[in-house]
Amino acid sequence: MSISFQTKVWNLAGEGQVYLGAFMGIVLGLQIPNWPPVIAVIAILVMGFIVGSVLGLLPAALRLRWGVNELITSYMASLIILPVVNYFLAGPMKMPGAGINTTGYVNKAFVFPKILPSCDLHLGFALALVLVLMTYYFLYRTATGYSLRIYGFNEEFARYGGIGEAKCVLVAMIASGGLCGLAGITSSLGVFHGRMVEFSTYSMGWNGIAVALIARNNPFGVIPAAFLFAYILTGANLSGLLADIPPEVAQVVSAVIYYLITAQALWRIKLS
Amino acid sequence: MSIILMEGIVKTYQPNNVLANAGIDLELEEGKIHAIVGENGAGKTTLMKILYGEEQPDSGRIFIDNEKVNIPSPLVANRLGLGMVHQEFQLFPSLTTAQNIVLGAEPRKGGLFYDNKKADEIIKDISVKYSLQIEPKAIINRMTVGQKQRVEILKMLYRGARILILDEPTSVLVEQEIEALFKTLKKLADSGHTIVFITHKLGEVKTVSDIVFIMKSGRMVACRDTESVTKEDICSLMVGRRSEFFISKSPIQPGKVVLTVNNLRILEKGVKQPVLDAVTFQIRKGEIFGIAGVAGNGQADLVEALFGLRKISSGEISISGKIISGNNPKSIRACGVAYVPAERTARGSAGQACLWENIVVSNTARFKKRLFLDIPAIKLFCDDKVRSYAIKAENTSMKANTLSGGNLQKLVLSREFDGYPEFLIIEEPTRGLDVKSADFVYDRILDMRESGCAILIISSDLNEIISLSDFIGVMYRGEITIIFDNDQELSSYEIGEYMMGVRTGKVKN
Ligand SMILES: Nc1ncnc2c1ncn2[C@@H]1O[C@H](COP(=O)(O)OP(=O)(O)O)[C@@H](O)[C@H]1O
Ligand SMILES: [Mg+2]
């Protein structure tokens, strides 16, 4: 998200990318139960990345070819992909006999081990930290990252300076989509013990956008922003469980916080 | 008789703590034309904005007709009889002249509905009264800059302005329009209006003003009767030294042809009038070709076509025999073409990016180590440019939007002039710059010419075109209607006639 937003190429397909990444990764995992775990996990992660980026590629291509606003196409792509995946979860890929719509489990050896017992914190978290670092280096140290940021600052300046629009839009959408797909499969392999459950990753993509905005698109800022956001969400759920607070109230509270933070961000943009 | 008195005006801008006005006194006389001159950043605009209520001074007092006044907003300023025409016009582009002028004080039918007819009549009346010709029903965005300015002036007069402030009104106009403006100002002054205008051109001070104020670094350094000073006096007061007004050029040594433009044409769907029509010219090594013209006659489109930012419909562009038309900016840059755009902030730089990020944009290949950028090397390179172009900047990691106009232009020049390109496109090289920065820019351009660069200059400042160019083409309605050899005695008036389309060199078939 940070990548695409810094480029000012708007990837709103995060939701679908996460979902599809989680699903296709697991599907692949189910086909290769006998592979050596390390290779299998890598293959599964790569699969998650690829399907996410393909879903990002589509709106990027539409924008470049016909100038269609990626804001809308990526959002629609996301809307379409959710029920399609759900269809497979309820039908062809459903684990026989399960009470909920879910796939079967992949080989236990592929599941991310937990870092701390008794909570959901898994190896995927370490993976996420590494990715944050890589994203930072990509954006701030590489020539391509530089092009992306310049394109985000001022499209016209980038074109004039010789930075290709196509490259920026494609790279931003592929990287951002791929990372979303990766986030999806990571959560399936970690939190959900190696299976893909219907609705399991719902709103992760949207939360990603929220987090990126709170962090002002700075890759390192994403870490505290994600914690803040997670804290609000979990707190909301817990208070729903423990006290007699309906979940809607919690959602309203978190929405207000989110609204205030992003409104401030927009206000800054307007000022500068 | 003094109508306005400003006393001890101090203004600091936060957050940078810039002292824009450091205790300024200003006295305006009723019915006189006052010119304010001073380098860029001297604080002229700030002082006028304070008078017009757009900025509030930290301290200082303002008197109108010997009565102390508070001017918290332009609305109050209007009520007190002040009117200001800004550098950037404040008009609604899709509304008509009349609608723009009466905005905020519209004539109404039955106290409720906007009365179009009445508005048009009012406009006709005041345009006759002040002999400022204007068509009430004309839509703003189809107008020339000169016409828009007239609308702005009328808007202020309609609101009852007795004191008219104009911020660099001539910087966007052509010769004939400037003359018309001055006629208007003189007429307004004769009818008792008080005029203040800001300018960079000392010639204008001499022709039109009665009193001249000279500002320097936030202070008022002098106030003179215009008749009692020469241009050279004003200039030395302004910059603290005598500036060369006439650029001394060495005679050209015609080299091989670098740029060839052949029969270039750009058509727009559904528009009969071509954007560019049969544009043909050449520029040789070490030669400056200047294009004069009223903005909007195809100059900007020509430049964009040359640099690959705009598709052409037919024709051919080549650099040293190599065809570049149809290529993208990146490969055109690779052919040795560089471009200094008029829009320094919108096209020439990224304000939120820092200096080194701005300076390396066309040059990343040179600083690439595998996938990574060698940032320390880029910073060194940038440091070097900052020094050799005397750019006032604290370090190379500061954001480009904190630079003043002159320094930003130097930054753009240093990037585009690097490595001596074969062909240079320069739009509005000194627009909005002070005399000192402008001199610097001229020097550098002539350096590039000496070194054998072929240069295309596009400027709305005709004097600039005349003093820099070896050849001058005039663009009118998408065509180059005439090309002058600039070694003869060429009058700006003659060029102006071609610019306005009064004369055309070619017969259209
Ligand atoms: N809105 C602003 N915020 C901060 N600094 C400003 C602002 N406007 C002008 N300045 C600074 O104040 C100084 C005087 O500017 P200005 O009055 O525009 O000069 P002039 O019109 O003589 O060129 C400059 O150094 C400029 O950078
Ligand atoms: Mg100014």
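The values are calculated or read from the model by the stated rules, or taken from the named source; none is laboratory data. Quick caveat: nothing in here was measured; it's all calculated off a predicted structure. When we count neighbours, we look across all protein chains shown, and the Cβ atoms used for this are built from the backbone with ideal geometry, even at glycine. Surface accessibility is based on the protein's heavy atoms, side chains included, excluding ligands, DNA and RNA. Shrake-Rupley method; radii C 1.70, N 1.55, O 1.52, S 1.80 Å.
Quick notes
- Residues in the stretch B:190-205 that are open to solvent by 10 Å² or more (accessible area, probe 1.4 Å) and either at pLDDT 90 or above or not in a helix (DSSP H, G or I) (or both): B:D190, B:S191, B:G192, B:H193, B:H200, B:K201.
- Output for the stretch A:174-203, where each listed residue is in a loop (DSSP other than H, G, I, E, B) and either surrounded by 20 or more Cβ atoms within 10 Å (Cβ to Cβ) or outside the structural domain of A:Y105 (by TED's automatic domain parsing) (or both): A:G190, A:G194, A:R195, A:M196, A:S200, A:T201
Residue-wise test of (1) surrounded by fewer than 24 Cβ atoms within 10 Å (Cβ to Cβ); (2) outside any helix (DSSP H, G or I).
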position: A:W10; (1), (2): yes, yes
position: A:G16; (1), (2): no, no
position: A:N34; (1), (2): yes, yes
position: A:V41; (1), (2): yes, no
position: A:M47; (1), (2): yes, no
position: A:I50; (1), (2): yes, no
position: A:S78; (1), (2): no, no
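- Test: A:L131 is closer than 30 Å to B:F372 by Cβ, in a helix (DSSP H, G or I) and open to solvent by less than 50 Å² (accessible area, probe 1.4 Å): yes
- Hits in the stretch B:340-372 (condition: surrounded by 18 or more Cβ atoms within 10 Å (Cβ to Cβ) and of a type in the set (S, T, Y)): B:S349, B:S362, B:T364
- Scanning the stretch B:348-395 for residues being β-branched (V, I, T), closer than 19 Å to B:F440 by Cβ and over 25 Å from the mean Cα position of the chain (by Cα) gives a total of 0.
- In the stretch A:239-267, the residues that are closer than 28 Å to A:L129 by Cβ, modelled with pLDDT under 70 and surrounded by fewer than 16 Cβ atoms within 10 Å (Cβ to Cβ): A:T262, A:Q264, A:A265
- Residue that is farthest from ligand 2 (Cβ to nearest atom), among those in the stretch B:66-75 that are assigned to a strand (DSSP E or B) and open to solvent by 70 Å² or more (accessible area, probe 1.4 Å): B:E67
- A:G29 surrounded by 18 or more Cβ atoms within 10 Å (Cβ to Cβ), modelled with pLDDT of 90 or more and within 20 Å of A:A128 (Cβ to Cβ): no
- Taken as a whole, the stretch A:145-163 holds no residue that is within 30 Å of A:K114 (Cβ to Cβ), within 14 Å of another protein chain (Cβ to nearest Cβ), in contact (Cβ under 8 Å) with a residue 60 or more places away in the chain and open to solvent by 20 Å² or more (accessible area, probe 1.4 Å).
- Per-region count, the stretch B:393-425, residues closer than 24 Å to B:L173 by Cα and either more than 14 Å from chain A (Cβ to nearest Cβ) or open to solvent by 20 Å² or more (accessible area, probe 1.4 Å) (or both): 4
- Candidates B:E168, B:E135, B:E121 - the one that is among the charged types (D, E, K, R), in a loop (DSSP other than H, G, I, E, B) and open to solvent by 40 Å² or more (accessible area, probe 1.4 Å): B:E135
- Per the conditions (1) surrounded by 15 or more Cβ atoms within 10 Å (Cβ to Cβ); (2) in a loop (DSSP other than H, G, I, E, B), the sole criterion not satisfied by B:A98 is (2).
- Filtered residue count, the stretch B:10-44, keeping only those that are within 16 Å of ligand 2 (Cβ to nearest atom), buried (at least 22 other Cβ atoms within 10 Å of the Cβ) and of a type in the set (V, I, T): 3
- Considering the conditions (1) in the same structural domain as A:V41 (by TED's automatic domain parsing); (2) modelled with pLDDT under 75, A:W206 is excluded by exactly one of them, (2).
- Matching residues, the stretch B:138-154, being out of contact with any Leu (no Cβ under 8 Å at 6 or more places or on another chain), at pLDDT 85 or above and either open to solvent by 40 Å² or more (accessible area, probe 1.4 Å) or under 21 Å from B:K187 (Cβ atoms) (or both): B:Q147
- Single condition B:H86 does not satisfy, out of (1) within 16 Å of ligand 2 (Cβ to nearest atom); (2) touching a residue at least 40 places away in the same chain (Cβ under 8 Å); (3) open to solvent by less than 40 Å² (accessible area, probe 1.4 Å); (4) farther than 28 Å from B:D125 by Cβ: (4)
- A:K167 meets each of the listed conditions (1) within 14 Å of chain B (Cβ to nearest Cβ); (2) in contact (Cβ under 8 Å) with a residue 40 or more places away in the chain; (3) open to solvent by 20 Å² or more (accessible area, probe 1.4 Å) apart from (2).
- Count - residues of the stretch B:155-179 that are at pLDDT 90 or above and hydrophobic (A, V, I, L, M, F, W, C): 7
- For the stretch B:335-369, a residue qualifies if it is at the interface with chain A (Cβ under 9 Å from one of its Cβ atoms) and of a type in the set (V, I, T), and the qualifying residues are B:T345, B:V360, B:V361, B:T364.
- Close pairs (8 angstrom Cβ cut-off, 6 or more residues apart or separate chains): away from chain A (no Cβ under 14 Å) in the stretch B:37-50, near ligand 2 (Cβ under 8 Å from one of its atoms) and among the polar types (S, T, N, Q) anywhere: B:T45/B:Q87
- Residue among A:A175, A:A183 that is within 14 Å of another protein chain (Cβ to nearest Cβ) and in contact (Cβ under 8 Å) with a residue 60 or more places away in the chain: A:A175
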